[in-house]
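Comments concern the structure below.
Taken together, the values in this text are just the output of simple stated rules run on the coordinates, not laboratory data. Please read these numbers as outputs of a predicted model, since none were measured by experiment. Neighbour counts are summed over all protein chains in view; Cβ atoms, including those assigned to glycine, are modelled from backbone coordinates with ideal geometry.
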Amino acid sequence: MTIVNLNAVRNASEPASSGPEYVTEPVDYDGILLASFGGPEGQDDVIPFLRNVTRGRGIPDERLEEVAHHYRHFGGVSPINAQNRALKAALETELAARGVDLPVYWGNRNWGPYLADTLREAAEAGSTRLIAVATSAYSSYSSCRQYREDFARELDATGLADTMVIDKVGQYFDHPGFVGPFVAGVEDGLRELEQRVPGIDLATQAHVLFCTHSIPTGDADRSGPAARGFGEGGAYAAQHRAVAEVVMARAGRDVPWDLVFQSRSGPPTQPWLEPDVNDALRQLAADGIRAVLLVPLGFVSDHMEVMWDLDEEATETAQELGIVSVRTPTPGVDPAYVAGLVDLVLERVHGTPPSARTRETGLGPWYDVCRRGCCENARLGFRPAVAGLLP
């Protein structure tokens, strides 16, 4: 196989190789690569997993143990691998129901099954033209470009760089399949708050907090193409706010809301996106708010950041403040979400033009081929990546 025009987009299908914003020619993929973060599946896995997550930073095990207690609280098992097994099975069922003959290969960044092993598995099965779907909907280094760098690194490490194509679906933060489950969750959650706090006036006594992972402000500002001028927080913050606006409009309830952040892990001297969800809860309590809906808008499934940071820490903060809180579901394996991921794959299989792709915000559809300079890591700079223009 000849990889076309590697100077533009490495290891790309021919229609994507010259770097168009949207690929409008059909591509004959022969497999789907489901890429995720990975997580430990037992107490003995926790520290080795955290070493993988923090590789290259020189963090001693003593400091890693400070984070390990989140996992140890749940028996050393992160739910993310089980969730991805369920998602893989759901995707296979949806593909079969539509008569789409594409195998699904699943690989992780930080724990088994590792991406390198997955790429070898695909190649041995004869799948060399893959369309990748990452379990992250938004634009940032860790949620998009790092996966693209992972693909490039493992193609080189496995010796498959000369024979394998990997394209990637665009960020799907505003695809109906992703947005719909959050709308339903907000509708149900607000009704639950009314039941738990009889007589509450949601417009004046309740608040919706859309929660997502905090990232360094330098990385946030570099997310998305600079030419679009997203300003503070970059495309990462803009995408979340746009989706939150759609969710509240579709829910049809006059309840104030804010975008808040969680799961900060950097040094105190490094600025990260704020406000933290716990600080927001304290301010809401001071303002007389009686009930809060926690919406994990930045997450596709109930993995550790949701189960610990929201279900444990934020819920405990709300209880201490006398605020009634409800946490809404993540998409998980919601049929609409699963069908939406298949839709994204088929857009690329069929070369669907952007005008025919349904999206919920004015920011999308997002790019099939990432733009030049998109989502740079402020600390590491640019490294080789697939599915995007250089650098």
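Between the range 43-103 and the range 342-391, the alpha-carbon centres lie 24 Å apart.
For the chain, adding -39500 (n - 2.57) for each run of n ≥ 4 DSSP H residues and dividing by the number of residues yields -11500 deg cm²/dmol at 222 nm. Enclosing the Cα atoms of the chain in their convex hull gives a volume equal to 139 cubic angstrom per residue. Near the amide H of Glu21, within less than 5 Å, lie no amide hydrogens of residues on another chain or at least 5 residues away, with H placed in the peptide plane.
Cβ-to-Cβ counts within 10 Å put Ser355, Ser265 in ascending order as Ser355, Ser265, the fewest first. Amide H contacts under 5 Å for Val165: Arg129, Leu130, restricted to partners 5 or more places along the chain or on a different chain, H placed in the peptide plane at 1.01 Å from N.
What ranking, highest mean first, results for peptides 80-87, 364-371, 94-101 when packing means the other Cβ atoms within 10 Å averaged over each residue?
The peptides rank, most packed first, as 364-371, 80-87, 94-101.
Shown in residue order for the range 139-154 are the 3J(HN,Hα) couplings computed by the Karplus curve 6.51 cos²θ - 1.76 cosθ + 1.60 at θ = phi - 60°: 8, 5, 4, 6, 9, 9, 4, 4, 4, 5, 5, 4, 4, 4, 4, 6 Hz (x for Gly and Pro).
In the chain, the DSSP beta bridges split such that about 10 percent are antiparallel, to the nearest 5. Inverting the pair-averaged 1/r between distinct Cα atoms of the range 1-152 gives 17.3 Å as its Kirkwood hydrodynamic radius. Ranking Thr128, Met307, Leu321 by Cα position along the charge dipole of the chain, where only Lys, Arg, Asp and Glu carry charges on their C-beta atoms, puts Thr128 farthest toward the positive end. The phi-based Karplus calculation (6.51 cos²θ - 1.76 cosθ + 1.60; θ = phi - 60°) puts the 3J(HN,Hα) values of the range 319-324 at 4, 4, 8, x, 9, 7 Hz, whole numbers, x for Gly and Pro.
Given the range 176-327, what percent of its DSSP beta bridges are antiparallel, to the nearest 5?
So the antiparallel bridges in the range 176-327 amount to around 5 percent.
For the range 176-327, go through all pairs of different Cα atoms, get the mean of 1/r, take its inverse, and jot down that Kirkwood value in Å.
So the Kirkwood estimate lands at 15.9 Å.
Taking the Cα centre of the range 74-130 as origin and charging only Cβ (+1 Lys, Arg; -1 Asp, Glu), how large is the dipole, in debye to the nearest 20?
160
For Arg327, nonlocal amide neighbours, meaning residues 5 or more places apart or on other chains whose placed amide H falls under 5 Å from its own, are Leu294. For the pair the range 303-340 and the range 167-206, the centres of their Cα atoms are 11 angstrom apart.
Put in line by how crowded their Cβ is, counting other Cβ atoms within 10 Å and starting with the fewest, Asp221, Asp44 read Asp44, Asp221.
Exposure proxy for Val9, Val27: other Cβ atoms within 10 Å of each Cβ, ordered fewest to most, give Val27, Val9.
Listed values for the range 198-211 are Karplus-derived 3J(HN,Hα) couplings in whole Hz (6.51 cos²θ - 1.76 cosθ + 1.60, θ = phi - 60°), namely x, x, 5, 9, 4, 5, 10, 10, 10, 8, 9, 10, 7, 10, and x replaces Gly and Pro.
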